[in-house]
Amino acid sequence: MRAQSSKSRIEKHHIEDLIGRSYMSFCVLLLIVSIVSMVYFVTSRGISTFAIDKVSFSDFFFGTNWSPEGDHPSFGALPFIAGSFITTLLAALIASPLSICAALFMTEIVPGWGKKLLQPVIELLSGIPSVVYGFVGLSVIVPFLRNVFPGQGIGVAAGALVLSVMILPTITSVAADALSALPQNLKESSFALGATRWQTIARVIIPTTLPAILTGVVLGMARAFGEALAVQMVIGNAPFIPTSLFESASTLTSVITLGMGNTTMGSPQNNALWSMALVLMLMTFLFVFIVRMLEKRRSI
Amino acid sequence: MKAKTADKIATYVIVTLALLIVAVLAGLLGYILFRGVSHISWDFLTSAPRKIRAGGGIGPQLFNSLFLLVLTLLITVPLGIGAGIYMAEYARPGRITGFIRLIVEVLSSFPSIVVGLFGLLLIVNIFGLGFSLVSGALALTVFNLPLMVRITEQAFRSVPPQQKEAGFALGLSKWKIVTTVLFPVALPAIITGTILSAGRVFGEAAALMFTAGMSSPRLDFGNWNPLSPSSPLNPFRPAETLAVHIWKINSEGLAPDAAEIAAGASAVLVITVLIFNLVARYFGRLIYRKLTASRRMN
């Protein structure tokens with residue numbers, strides 16, 4: 001009798017575990033299926049520009065002429081690739097010093113109320129939707145640039161400014177986490193040697209946390225590179241390589257945003273847009289790869 | 001003395017730049033609310049938009065955004081919690097776990113427009129769901145799932161291991177321990193994280209332009225039959241959300257008061273996200289207080 005009840009109990013356990021395991025396996029499987037199908041579909045459509053429409057790699061990546069509807073259609077995507085890289089790098093250049101200072105403010109200068117002040121600010125900034133950033137950029141930054149600098153206001157500078165505010169929270173929170181995880185005795189020994197706070201920050205704190213801070217910068221750049229709507233609203237969307245900060249330009253994401261709805265699936269122009277999506281996807285892989293490399297360095 | 005001067009200058013610079021960020025946020029919120037709130041009225045929140053004439057509202061868009069949010073959470077929450085539990089409690093360090101971790105990492109940094117394109121190709125065209133709420137919700141699932149997995153994993157990892165050991169000592173099965181011992185403890189963190197992720201989903205636009213569509217059919221809010229094309233509850237109708245609407249008016253708005261509508265809609269969007277943030281924070285504090293009180297009693 002007793003043996004039987006304990007046996008049924010074990011079976012009940014097995015059944016419970018089986019149900020739980022199959023449920024979880026299904027969830028995990030779904031994750032795997034979603035990424036595999038995403039990579040497969042984007043890649044298969046993305047390479048059709050080269051496979052079906054016979055556009056050469058060098059024409060696509062280094063051609064500067066984007067006129068898909070002309071008599072002699074050409075699919076030079078260099079202006080968009082250049083636009084994406086320029087705005088992303090500029091945004092990182094503007095946002096990184098600000099973010100690092102904010103992180104230092106929160107952890108080193110006034111750890112008490114500095115954190116209480118900046119933590120909600122960072123959270124709110126990261127919560128504001130990107131279209132709202134675009135709207136504010138369009139109605140504040142663009143008129144400001146138009147009044148102060150030459151040009152129409154829309155352009156690379158406006159795009160970079162909007163993006164820099166958007167990636168501030170990403171860099172700041174990663175940097176602040178790294179700074180507050182720093183062992184206390186490192187700082188104390190530096191102070192004991194008679195170093196000032198700035199000397200400690202510049203010679204001890206920043207060098208030791210550099211890989212982590214760079215991780216934050218790369219994550220921010222990944223976000224800036226993939227951001228579509230906010231940039232599209234303020235950058236002007238001209239298919240040329242910009243020669244000045246106040247000139248209109250396009251990014252990969254802004255061209256896809258505007259073009260995808262107006263082209264038919266399978267046309268050469270549509271395929272070229274998918275190739276740009278493929279470039280975006282490969283860049284995401286690259287960013288994740290760099291982040292992993294930096295994290296490996298951090299753990300040593 | 002030189003080192004001291006450098007220290008002073010550096011401190012001033014750091015403090016100034018940090019306060020600059022606070023000023024940027026204050027300016028942003030102030031601008032959005034100042035420009036937008038005066039335009040918000042009950043009529044603005046409930047009436048349909050007009051294409052060419054002034055005076056349109058955002059009623060259907062607001063409804064679509066909320067409905068889409070509910071649909072997305074219905075799909076992502078159970079799936080994300082399942083995968084998160086696996087990552088926290090079952091996954092052994094090894095190649096497969098490393099691979100899944102990489103997937104979560106890659107998925108969460110995917111540009112949302114690429115997710116939107118993927119949705120356009122697979123869900124809208126190949127599955128034939130068309131521009132619809134379901135397509136939008138599925139695209140947002142791809143977008144939101146990695147976030148939910150992370151939230152759940154972190155919540156489960158922060159549960160004290162003694163609780164699990166106590167469960168094992170009682171002879172419970174692992175799944176029983178997960179569902180009846182660990183899950184209730186991890187729940188507050190999961191709920192807080194879910195509300196925060198809901199804020200992100202609510203403001204998402206790029207992934208929805210090509211999946212949920214950029215138009216909204218004439219809705220009859222008296223019609224609650226989910227299969228009728230004019231019913232707001234029909235999940236197979238196209239649905240323009242609030243964020244997509246803001247983008248559309250800013251880039252191709254024809255109404256004479258387009259700027260005011262954009263300002264009002266932005267204010268509504270930001271206020272909603274703020275409410276999500278406050279609710280998440282309040283809820284987290286409430287649960288935390290309950291937990292600490294019960295600890296004190298023991």
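The values are calculated or read from the model by the stated rules, or taken from the named source; none is laboratory data. Values in this document were obtained by computation on a predicted structure and should not be read as measured data. So basically every Cβ, Gly included, is an ideal-geometry build from the backbone, and we count neighbours across all protein chains shown. The accessibility values were calculated without ligands, DNA or RNA, using every heavy atom of the protein model including side chains. Shrake-Rupley method; radii C 1.70, N 1.55, O 1.52, S 1.80 Å.
Residues whose amide H lies under 5 Å from that of A:Trp66, counting only those 5 or more places away or on a different chain, are A:Gly76; hydrogens are built 1.01 Å from N in the peptide plane. For chain B, the membrane-span-like helices by this rule, meaning whole DSSP H stretches whose C-alpha atoms cover at least 18 Å of axis and whose Kyte-Doolittle mean is 0.0 or above, are B:2-37, B:59-85, B:95-108, B:133-157, B:183-203, B:258-297; this says nothing about an actual membrane. Each principal axis of the range A:49-88 carries a Cα extent, and these read 31, 21, 11 Å when sorted largest first.
Once the Cα-Cα distance is subtracted from the 0.36 nm per residue extended length, the A:Ala202 to A:Lys12 segment shows a gain of 62.3 nm. Placing a label point 7 Å from the Cα of A:Val39 along the Cα-to-Cβ direction, the residues of the range A:262-300 whose backbone N falls under 19 Å of that point are A:275-293. Across q = 0.08, 0.09, 0.11 Å⁻¹, the protein assembly as shown modelled as identical point scatterers on its alpha-carbon atoms has Debye log10 I(q)/I(0) values of -0.62, -0.78, -1.15, in the order of the q list. When the trypsin sites (Lys or Arg not before Pro) in the range A:9-56 are filtered for DSSP coil states and for at most 15 other beta-carbon atoms within 10 Å of their beta-carbon, the remaining sites are A:Lys54. Rounded to a whole number, what is D in µm²/s for the range B:161-298 from Stokes-Einstein with the Kirkwood radius over alpha-carbon pairs (10 °C, 1.306 mPa s)? Rounded to a whole number, D works out at 84 µm²/s. In this structure, the amide hydrogen of B:Arg50, modeled 1.01 Å from its nitrogen in the peptide plane, lies closer than 5 angstrom to those of B:Gly56, B:Gly57, counting only residues at least 5 positions away or on a different chain. Taking the alpha carbon gyration tensor of chain A, multiplying each eigenvalue by 5 and rooting it gives semi-axes of 40, 35, 18 Å, largest first.
Reported to the nearest whole Å, the Cα centre-to-centre distance from the range A:131-179 to the range B:1-47 is 13.
Mean partner shielding of peptide B:134-143, defined as the number of other chain Cβ atoms within 10 Å of each residue Cβ, is 1.
Using a probe of 1.4 Å, the accessible surface attributed to B:Leu196 totals some 90 Å² when neighbouring protein chains are kept in position. For chain A, a crude dipole built from +1 on the beta carbon of Lys and Arg and -1 on the beta carbon of Asp and Glu, taken about the Cα centre, is about 1140 debye to the nearest 20. Among the helices of chain A, those built from whole DSSP H runs whose Cα atoms reach 20 Å or more along their own axis and whose mean Kyte-Doolittle hydropathy is at least 1.6 are A:78-104, A:156-180.
Per-residue shielding of B:97-105, expressed as the average number of other chain Cβ atoms within 10 Å of the residue Cβ, stands at 3.
I'd like the FRET efficiency for A:Met265 and A:Phe85, computed as 1/(1 + (r/R0)^6) with the beta carbon distance as r and R0 of 30 Å, rounded to 0.05. About 0.60, to the nearest 0.05.
Between B:Ser47 and B:Val15, the modelled labels are 5.2 nm apart [label points 7 Å from Cα along Cα→Cβ]. Under 5 Å from the amide H of B:Leu233 lies no amide H of any residue 5 or more positions distant or on a separate chain, with H modelled from the backbone and absent for Pro and chain starts. Counting, for every residue in B:217-230, the Cβ atoms of other protein chains within 10 Å of its Cβ and taking the mean gives 0. Shape summary of the range B:166-233, radius of gyration then Dmax from alpha carbon positions: 21.0, 60 Å. Between A and B, buried accessible area from a 1.4 angstrom probe totals roughly 6800 Å², ignoring ligands, DNA and RNA.
Note on B:Lys164: aspartates and glutamates with a C-alpha under 16 Å away, same-chain residues under 8 apart excluded, are A:Asp17, B:Glu89, B:Glu153. Restricting the calculation to alpha carbons of the range A:184-300 gives Rg and Dmax of 21.3, 69 angstrom. Each of B:Phe99 and A:Val110 was given a label point 7 Å from its Cα along the Cα-to-Cβ line. The distance between the two points is 5.2 nm. Solvent-accessible surface of the range B:39-292, taken per residue with a 1.4 Å probe and all protein chains present: 42 Å².
Only protein atoms count toward the accessible area here, which uses a 1.4 Å probe; on the range B:39-292, the carbon and sulfur part of that area reaches 66 percent. Calculated on the Cα set of the range B:39-292, radius of gyration then Dmax: 20.8, 71 Å.
For chain B, the relative contact order comes to 25 percent (Cα pairs under 8 Å, sequence separation of at least 6). For chain B, leaving out every one of the trypsin sites (Lys or Arg not before Pro) that falls in a DSSP loop and has at most 13 other Cβ atoms within 10 Å, the longest unbroken run is B:54-217.
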